[in-house]
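Notes to accompany the following structure.
The values are calculated or read from the model by the stated rules, or taken from the named source; none is laboratory data. Owing to the predicted nature of the structure, the values given are computational and were not obtained by experimental measurement. Neighbour counts run over all protein chains shown; Cβ positions are idealised from the backbone, glycine included.
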Amino acid sequence: MTLSRRQFFRTASGAVAFASSYGVLAKAGLAQGNPIKVANILDATGGLNIYCLKQIKATAMAIDEINKAGGLLGRPVELIFYDSQSNNQFNSQYATQAFVRDKVDVLIGGVTSSSREVMRPIVQRFKGFYVYNALYEGGVCDRRHMCPGLVPAQQVAPLVDYVVNEKGLKKGYILAADYNYGQITAKWMQKFIREKGGEDLAVEFFPLDVTNFAPVISRIQSAKPDVVWSALVGDAHMSFFRQYQATVGKDNIPLAATTYGLGRENATLTPDENEGIMIATSFIDALPTEAAKSFVERFKAFSGEDEYVGEYAEYGYRGTMLWAEIVKKANSVAPDDVMAAVDGVTFDGAGGRYTMDGQTNHVIMDVHIAVGNREGSFDLLKSFSQQPPADTQAVCNLFENPNDTKQYEPEL
Amino acid sequence: MIATTLYLIIYSISLLMLVSLGLAIIFGMMKVINLAHGEFMMLGAYACVLCVNAGAPLWLAFAAAALAVGLFGIVVERLIIRFLYGRIVDTLLATWGLSLFLVGLVTTVFGPQAWSISARFGNVSFGGMNFSAYTFVLIAISIGMVVVTWLIARLTTVGLIVRGTMQDATVASGLGVNRNLVYMGTFGYGAALAGLAGAVLVPITGASPSLGLFFVAKAFINVIIGGHLPLIGTIAASSLFGTIDGFVSYVWSSVVGEVSVLIVAVILLRLLPLGITGRLRSGL
């Protein structure tokens, strides 16, 4: 029998259409080996990659471990990575591509709030599910979104409690990055400092490209606070920690910071500059638990890197594993089933127990107070167990408003 | 209070002179807008870190950084810039491409993290206020850079030839000056100053691939407002902006400081489109 070209295409395209029709395959029991697809969109290149490189590897490690344990719902998991190049335009492009071309079951990634806000509407449009693995300003209220990272109230309350009550450092001088994260975090700092009986002498904001901190360091010295609070962000602002140590010194006026360590600054500044900075975090390498030690060892073996691992790597692992737990509970990878199964799912990870709060799709977790040491790492001082994302809970209720998709600015 | 303000103003002026002199010389001499200026500084910063990590004293690391980036500048001039003299937009694009390439290359080779050196200078107390001792080193180097450049241009034969070429390249080459050599040397000198600036900034900002980005805008505004005479222009513009920035940043905040610098720059550009030295016919 000879096949004309036209006949061949007709037959072939029919076969392809048949084979790719998911329902048909499922009925035939052929979907068994059909992989679950996970998209991870992060910045492997560009200025933001200090926050992403470890997280990219940690997410891959999570998928690897899931597959080694037999996959998810009996299916293998396939990871598709997209490099958004520190440019939101690529977040938008790749998020669309992930849903349209690659037909992924879940979207993981985005490191800045702006990249998240670019991708959330796309997730809505394609009725997908989105995991945002970062510490941010809080307030996102969206059932198709979950965030396993810290929000300000969760992080700032324990840190203020430690610094103001236990260390007795009442008068604070607040420095923050001049965009929504810094602005909102500074408000929470003021609120908690006042509530705990402290005093906020001043709040100052810095555009992200400021490198000269000499003027504010002089003002700090005139104001004579007991402690300096920092919500400074990014590469340029790291200059503050160098210049502060070279003038005032943490021995004279201590420093407490919310974002310090996320870009693994502790591992790159000098011992003098790192020593003594107080932070609140949900994970540091030095947590004295078996889970933390095992995670750090596994990550170093998986990545082949022998450096400080840090919180953002652990976020990638945590977020992926929490999503996998939700999928197991839902017994389905379909976004609508996953959405419905979020509440109460737990995962015992490297930083302690993580529990999904279905009211906000944020996570209840342990918060650890730690202090920078001379080895480029942190020493654990104290842990606050199971802190709720109280700021987001105050403005967001997904049980009552399941169709909400807004990001609220917490009212203070 | 007055001492602090004065200190902040002088520091601010010195920072501006430090980051913009190399750019001003290349622009003023050759009308080449070097968009890779920030990345030249970044290379200088890495050269400094590498030298210090290899055990060299800091001053030697500064010299090595200046030399290395100066040589790199000469290579860039030979390979790219010399084909583009007189074509401002083309040099703009070529050097922009070069800057992207350098950022990518350095990120690949050294990683995205900022590198630090542990140099302890301690601090100086004055009137109940601590000042970083290193900022005085920076101020001295910045002033030294300007003075040395002025001395070379004013007192040496090389300086005379360079000034002559700058005023009228055709006449200079008619008198037997090798114009290409002068351009190459000047570009190399400007690059060396950028490399030195980057190295001097390391104890303050560290060395990271994005180092150039933080300073290049300030350097450009400074050079544009300064006008076509590299030395007088740089000193004048740095003094103006440094005074505004140092004073306003201290009395109000860093945000207001940056905003007021930009407002003054816009007004000045409206009044003096060719910059502060735009009307001056001769000088440095």
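Any residue at all in the stretch A:89-97 that is of a type outside the set (D, E, K, R), more than 14 Å from chain B (Cβ to nearest Cβ) and under 25 Å from A:Ser239 (Cβ atoms)?
So the first thing to find is which residues in the stretch A:89-97 are of a type outside the set (D, E, K, R), and the list is A:89-97.
Add one more test, that the residue is more than 14 Å from chain B (Cβ to nearest Cβ), and what stays is A:89-97.
Next, only the ones that are under 25 Å from A:Ser239 (Cβ atoms) stay: none.
Scanning the stretch A:89-97, I find no residue that is of a type outside the set (D, E, K, R), more than 14 Å from chain B (Cβ to nearest Cβ) and under 25 Å from A:Ser239 (Cβ atoms), so the answer is no.
Count of the stretch A:341-371 residues, restricted to those that are more than 16 Å from the chain's Cα centre (by Cα), more than 14 Å from A:Cys141 (Cα to Cα) and small (Gly, Ala, Ser), is 3.
Residues checked against (1) assigned to a helix (DSSP H, G or I); (2) touching a Pro at 6+ places or on another chain (Cβ under 8 Å); (3) aromatic (Phe, Trp, Tyr):
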residue	(1), (2), (3)
A:Thr96	yes, no, no
A:Leu107	no, no, no
A:Met119	yes, no, no
A:Ala153	yes, yes, no
A:Pro158	yes, no, no
A:Tyr162	yes, no, yes
A:Ile174	no, no, no
A:Ala186	yes, no, no
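To keep it simple, each residue is scored yes or no on (1) β-branched (Val, Ile, Thr); (2) touching a Ser or Thr at 6+ places or on another chain (Cβ under 7 Å); (3) under 23 Å from B:Pro209 (Cα atoms); (4) at pLDDT 95 or above.
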{"residue": "B:Glu39", "(1), (2), (3), (4)": "no, yes, yes, yes"}
{"residue": "B:Asn53", "(1), (2), (3), (4)": "no, no, yes, no"}
{"residue": "B:Arg87", "(1), (2), (3), (4)": "no, no, no, no"}
{"residue": "B:Leu93", "(1), (2), (3), (4)": "no, no, yes, no"}
{"residue": "B:Trp96", "(1), (2), (3), (4)": "no, no, yes, no"}
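In the set (1) free of Cβ contacts under 8 Å to residues at least 24 places away in the same chain; (2) of a type in the set (A, V, I, L, M, F, W, C); (3) surrounded by fewer than 22 Cβ atoms within 10 Å (Cβ to Cβ), A:Ala267 fails one condition alone, (1). Here B:Ser249, B:Ser239, B:Ser260 are screened, and the one residue that is among the hydroxyl-bearing types (Ser, Thr, Tyr) and under 27 Å from B:Met166 (Cα atoms) is B:Ser239.
Which of the residues spanning the stretch A:194-218 are outside any loop (DSSP other than H, G, I, E, B) and more than 7 Å from chain B (Cβ to nearest Cβ)? Walk me through it before giving the result.
We begin by selecting, within the stretch A:194-218, every residue outside any loop (DSSP other than H, G, I, E, B); these are A:194-195, A:199-206, A:214-218.
A:Arg194, A:Glu195, A:Glu199, A:Asp200, A:Leu201, A:Ala202, A:Val203, A:Ile217, listed by residue number.
In this structure, does A:Ser294 turn out to be within 24 Å of A:Ser385 (Cα to Cα), surrounded by fewer than 22 Cβ atoms within 10 Å (Cβ to Cβ) and among the hydroxyl-bearing types (Ser, Thr, Tyr)? Yes; evaluated as a whole, the condition is true for this residue. The set of residues in the stretch A:44-69 that are of a type in the set (Gly, Ala, Ser) and buried (at least 22 other Cβ atoms within 10 Å of the Cβ) comprises A:Ala58, A:Ala62.
Within the stretch A:238-251, identify whether any single residue is away from chain B (no Cβ under 14 Å), surrounded by fewer than 24 Cβ atoms within 10 Å (Cβ to Cβ), of a type outside the set (Ser, Thr, Tyr) and farther than 16 Å from B:Pro203 by Cβ, and answer yes or no.
Just the residues of the stretch A:238-251 that are away from chain B (no Cβ under 14 Å), to begin with: none.
No, the stretch A:238-251 has no match at all.
Of all residue pairs spaced 6 or more apart or on separate chains, those with beta-carbon atoms under 7 Å, a first member in the stretch B:202-221 that is more than 7 Å from chain A (Cβ to nearest Cβ) and a second member that is assigned to a strand (DSSP E or B) are B:Ala207/B:Trp115. List the number of the failed condition for A:Val327; all other conditions in (1) at pLDDT below 95; (2) surrounded by 24 or more Cβ atoms within 10 Å (Cβ to Cβ) hold. It is condition (1) that A:Val327 fails.
Give me the helices (runs of 4 or more DSSP H) completely within the stretch B:118-200, filtered to those with at least 3 residues that are surrounded by 18 or more Cβ atoms within 10 Å (Cβ to Cβ) and at pLDDT below 95, ordered by residue number. Explain how you work it out, then say what you get.
On the way: elements: B:133-155, B:157-167, B:169-174.
Result: B:133-155, B:157-167.
Check off (1) part of a helix (DSSP H, G or I); (2) touching a Phe, Trp or Tyr at 6+ places or on another chain (Cβ under 8 Å) for B:Leu284 and give me the number that stays unchecked. (1) is the only condition that B:Leu284 fails.
Give the residues of the stretch A:221-235 that are part of a helix (DSSP H, G or I), out of contact with any Gly (no Cβ under 8 Å at 6 or more places or on another chain) and within 10 Å of another protein chain (Cβ to nearest Cβ), sorted by residue number. Outline the logic, then answer.
Initial filter on the stretch A:221-235 (part of a helix (DSSP H, G or I)): A:221-223.
Okay, now just the ones that are also out of contact with any Gly (no Cβ under 8 Å at 6 or more places or on another chain), so A:222-223.
A:Ser222 - this is the single residue of the stretch A:221-235 that is part of a helix (DSSP H, G or I), out of contact with any Gly (no Cβ under 8 Å at 6 or more places or on another chain) and within 10 Å of another protein chain (Cβ to nearest Cβ).
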